[in-house]
Each structure stands twice: as C-alpha cells, then as structure tokens.
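K.L.:
I'd like to ask you about the structure that follows.
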Amino acid sequence: MLQTFQLVKQYKKHRALDGLDLTLNPGEIVGLLGPNGAGKTTALRCIAGILRPTSGQVLINGFDVVADQAKAKAGLAFVPEVPSLYELLTVDEHLRFVAMCFKTLDTYEAKRDELLTRYALMEKKDALVATLSKGMRQKLSVACAMIHNANVFLFDEPMIGIDPAGVAELKQEMLRVKESGASILVSTHLLDTAEKLCDRVIILARGRKVAEGTLEQLRLLSGSEGRSLEDVFLKLTSESNASFDLS
Ligand code: ATP
C-alpha cells in the first residue's frame, strides 16, 4: 500500500508538485495522467525516494520513504522513464545483482528464465547491457522490477520504446501483479491504455491533482457522459481552476 500526504516539490521558484495526496490500495492499478510538465515524473521520483520532497510524506507499506528508507524500499519497484542500468554488467548479472540486493536469490534462476522468455531477451542473457537496443533496455528495466517481491510498483511511461509484443506482455504482467494483490501507479500519455488497464485515474495539472476517480466518475464530473477518456482528460485539464475528487 502506498500513501502520500500533502507532497510538495519546489524547484527554486517553481512548484512542480503542490500538495499531492494519493492512496494506492492493494490489488489496484491507478493511472497518473496529465499534460507535459504536470508533475507526474516528479511525483513518482519523490515516491520512489529518488527526489527528496520539499514537504509532505510518503508511506510505502506504512514505512516513511525518507525516515525509514530501507524498509520502505524493500516493497517497492520503480521503472523509470529512462532506464538507469549498469552498462558493463550482462543481462544475467544485472538481474542477479538486483535479486541479491533484495535478498531473493533463492528464487532467482527460475524467475529470470521466466522473465527473459516473456520479454524475448533470452538470447541476450550473456550480452552486456551496453549492447542492448533501446526497447531491450526498457524491457530489462521492467524485468528488474519484477525479479524481487515488491508489492508497490511505479511505472513512468513504461510503454515508450517497447514493441507491440512487449507492450502486450507488459499489460499482462500488470494484470498479474494486480491479481497477486500488489498495486501499480503508472504514469502514461496513452489514454486508451489507461482506459483499459486502470481501475481509476488521477489527473495532475500544474503540480496539483485536478481530478481523481474511475472513468465513469470522471465522465460524470466533467459532464462528458458517454465520452472517451481523451475527451474527459482534455476537458478537465483545460479547466485550470477545477478540482474534482471522488476518492
Ligand atoms: P512529461 O509528461 O513531459 O514527462 P511530467 O508531468 O512528468 O511531464 P515533470 O517532469 O514532473 O513533469 O516536471 C514538472 C515540472 O517541474 C516541469 O515544469 C519541469 O520543468 C519542472 N522540473 C522538473 N525537474 C526539474 C529540475 N530538476 N529543476 C527545475 N525544474 C524542474
């Protein structure tokens, strides 16, 4: 379970995140949507403990990500927008290293083989990360998130650069994660994917949450009954002072 309370990130004069409250319950997929610069990556990086929030709090499985970092991060997996990988490890070494850090080496080999097969990376098992294509790097980044026993997953634009078969696998993966009772917060610009995959969505604009709820709730709120998520999104993000919360 993930909770944020009044999360603020200030970059000098610019407030990138302005008091974000969110809850991610076990077994749900929540979409984090918003125009460019809305604060999605900032929010995910604060939640992951990569950026220190200016104020506010993040709890992962009840542990504060700043004050109790090791315990909080034990249950967390983060797939960043741009994969951050060790170039001079092989694919196998990379996954093994992550499994070692999270003390899950006992189940490592079976899980590695399953993931490499699923993401068509088996033939690259002994290749250096530096030699992988862009999409392969993204798939490896996803595999790293799956190799340990996280129950809170953060994905920042995970579908970008991955081929259609990989995207289909990733969507299945997300549904398996959800079925296992874990939860996912995923930022995306792919509204049709969000519509199909997410149990509810949070829409950010200028660092603030402007709407939250299931698609049906958002349609009702925006007065766009029967319209697509794209219509709803455009309407809500164009109403600069609007703020709707149905959680
Ligand atoms: P996109 O959809 O384009 O990826 P986003 O919603 O993920 O956008 P963020 O990357 O979180 O947006 O950026 C939010 C705001 O914070 C933007 O105005 C951005 O310019 C600003 N920002 C991000 N990082 C920094 C930084 N290191 N220093 C100053 N401003 C920053």
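The values are calculated or read from the model by the stated rules, or taken from the named source; none is laboratory data. Just so it is clear, the structure is predicted and the values come from calculations on it, not from any experiment. Cβ sites come from the backbone with ideal geometry, for glycine too, and all protein chains shown count toward neighbours. Heads up: the accessible areas ignore ligands, DNA and RNA and are worked out on the full protein's heavy atoms, side chains in. Shrake-Rupley method; radii C 1.70, N 1.55, O 1.52, S 1.80 Å.
K.L.:
Please check: in the Gaussian network model of the chain (C-alpha springs, under 10 Å), which one of 62, 49, 27 has the largest mean-square fluctuation.
P.N.:
Among 62, 49, 27, the largest mean-square fluctuation in the Gaussian network model of the chain belongs to 62.
K.L.:
Just to be sure I follow: if Rg is taken over the C-alpha atoms of the range 53-138 and Rh is the Kirkwood radius over the same atoms, what is Rg/Rh?
P.N.:
1.05
K.L.:
If you don't mind, there's one more thing I want to ask. Count the lysine pairs in the range 79-137 that are 8 or more places apart or on different chains: how many have C-alpha atoms under 19 angstrom apart?
P.N.:
For the range 79-137, qualifying lysine pairs total 5.
K.L.:
Please report, as a whole percent, how much of the solvent-accessible surface of the range 79-137 comes from carbon and sulfur atoms (probe radius 1.4 Å).
P.N.:
Carbon and sulfur atoms account for 58 percent of the accessible area of the range 79-137.
K.L.:
On to the next question. Using Cα-only point scatterers and the Debye equation, what is log10 of I(q)/I(0) for the range 144-235 at each q in 0.14, 0.20 Å⁻¹, rounded to two decimals?
P.N.:
Summing over Cα pairs of the range 144-235 leads to -0.56, -1.04.
K.L.:
Mind telling me which of 17, 33, 88 comes out most flexible in a GNM of the chain, alpha-carbon contacts under 10 Å?
P.N.:
88
K.L.:
On to the next question. Stick to the Cα atoms of the chain, pair each with every other, and give me the Kirkwood hydrodynamic radius in Å at one decimal.
P.N.:
18.6 Å
K.L.:
Enumerate the calculated ³J(HN,Hα) couplings along the range 102-111 in order (Karplus 6.51 cos²θ - 1.76 cosθ + 1.60, θ = phi - 60°), each rounded to whole Hz, writing x wherever the residue is Gly or Pro.
P.N.:
Listing the rounded values in order: 9, 6, 10, 5, 4, 9, 4, 4, 4, 5 Hz.
K.L.:
To the nearest 10 degrees, how steeply does helix 229-238 sit against the main Cα axis of the chain, on a 0 to 90 scale?
P.N.:
60 degrees
K.L.:
Given a Förster radius of 35 Å and the C-beta distance between residue 100 and residue 176 as r, what FRET efficiency does 1/(1 + (r/R0)^6) yield to the nearest 0.05?
P.N.:
0.90
K.L.:
Sticking with this structure for a sec: Starting from 0.36 nm per residue, how many nanometres of slack lie between residue 117 and residue 216 once their C-alpha separation is accounted for?
P.N.:
Here the segment from residue 117 to residue 216 would lengthen by 31.9 nm.
K.L.:
Where the centre of each part is set by its Cα atoms, how far does the range 121-188 sit from the range 18-77, in angstrom?
P.N.:
19 Å
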